[in-house]
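Report on the following structure.
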């Protein structure tokens, strides 16, 4: 914190505790806000999952009636391609379309590099479990760093990557 005498003389810039706290949060590795991550997830749902659901329901199986008669088979036809598509996006680009739209990327929470393939598979599984077991969705509200259950268990996290091109 700068002394008032130095600030008045123009030797230093005033700083407040609030500004220092914001700067510390921005420089951390896993700095994507929860709301932005949720928006990216919703974008991914509509860009990846919804077309798959439509194709499986009407092209592969034939109709919604036949889909409801064979729900297990229908969901397998949806989940397997979704798994392959999402893991491919994460592995090759470290971003899904939703993450790219909001300038976010998936990184290893310890190194900041691209996560291992094993971590990506764990993240996908724990994300799915988080939606099946509803209380797991409350995990970010129970820890200081606002990490979701898939962040904690897979060792990955989402960070802000403004104006970066990830190959």
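Here, each number is a calculation from the coordinates, and none is a lab measurement. Note that the structure is a prediction, hence the values are computed from the model and not measured. So basically every Cβ, Gly included, is an ideal-geometry build from the backbone, and we count neighbours across all protein chains shown.
Using R₀ = 45 Å, calculate the FRET efficiency as 1/(1 + (r/R₀)^6) where r is the Cβ-Cβ separation of residue 58 and residue 34; round to 0.05.
0.80
What does the highest-first list of 148-157, 123-132, 59-68 look like by mean Cβ count within 10 Å?
Result, highest mean first: 148-157, 123-132, 59-68.
So what are the radius of gyration and Dmax for the Cα set of region 29-160, in Å?
Calculated on Cα positions, Rg and Dmax stand at 15.6, 48 Å.
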